[in-house]
Amino acid sequence: MDITLSHIDKNNYQAVCQLELAKYQEELVVSNTWSLIESFYHENTQARALCLEGKPVGFIMWEMGSDSVVILRRIMVDYAHQRHGIGRCAIDLLLAEMASLPAVKKLQVEYPRNNRAAKAFFTAVGFDVEEGQSDSNILSASMLVDK
């Protein structure tokens with residue numbers, strides 16, 4: 001399986017924006033169109049297409065935070081390509097890219113407490129979930145970036 005993180009440009013942005021989630025997932029993840037707009041206006045944010053053999057099948061976006069932390073803002077895989085290891089490959093590729101940046105020490109993600117699929121995914125790919133305060137609707141998970 002040839003998965004790559006590809007820059008989004010005039011040749012592939014429409015395909016990225018047309019990627020779809022399963023209906024039940026739509027309320028859990030912001031659209032790729034909106035995420036691309038965000039990445040354009042937030043200077044520390046990067047967005048990439050997850051490509052399978054050169055064709056966009058997913059989207060990933062992260063922000064260079066402070067204190068050597070990269071914050072994973074979005075990850076999605078088109079519903080037709082889910083459960084094939086593409087999300088796991090995307091995290092591995094992101095970690096490899098972050099490992100090449102000397103200042104980056106940790107990858108962090110936040111997601112709604114009620115998003116059990118997100119918790120299961122991030123735990124499965126190696127994130128440590130921090131339960132946080134029970135009155136918070138947000139969970140945080142992180143992993144160290146190997147150098």
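The set of residues in region 99-125 being outside any helix (DSSP H, G or I) and closer than 12 Å to residue 145 by Cβ consists of 100, 101, 102, 103, 104, 105, 106, 107, 108. One residue alone among 28, 21 is in a loop (DSSP other than H, G, I, E, B) and surrounded by 16 or more Cβ atoms within 10 Å (Cβ to Cβ), and that residue is 21.
Scanning region 80-98 for residues that are assigned to a helix (DSSP H, G or I), surrounded by 13 or more Cβ atoms within 10 Å (Cβ to Cβ) and over 14 Å from the mean Cα position of the chain (by Cα) returns a single hit, 81. When region 1-18 is limited to residues that are assigned to a loop (DSSP other than H, G, I, E, B) and of a type in the set (A, V, I, L, M), the one that is surrounded by the most Cβ atoms within 10 Å (Cβ to Cβ) turns out to be 8. Does region 38-59 include one or more residues that are assigned to a helix (DSSP H, G or I), at pLDDT below 95 and among the hydrophobic types (A, V, I, L, M, F, W, C)? There is at least one residue in region 38-59 that is assigned to a helix (DSSP H, G or I), at pLDDT below 95 and among the hydrophobic types (A, V, I, L, M, F, W, C). Taking the numbered list (1) under 15 Å from the mean Cα position of the chain (by Cα); (2) under 22 Å from residue 114 (Cβ atoms) in turn, residue 22 passes all entries but (1). Go through region 10-25 and give me each residue that's at pLDDT 95 or above and either closer than 18 Å to residue 53 by Cβ or among the aliphatic types (A, V, I, L, M) (or both). Across region 10-25, the qualifying residues are 11, 12, 15, 16, 18, 19.
The values are calculated or read from the model by the stated rules, or taken from the named source; none is laboratory data. Quick caveat: nothing in here was measured; it's all calculated off a predicted structure. Cβ: placed from backbone, ideal geometry, glycine included. Neighbour counts: every protein chain shown.
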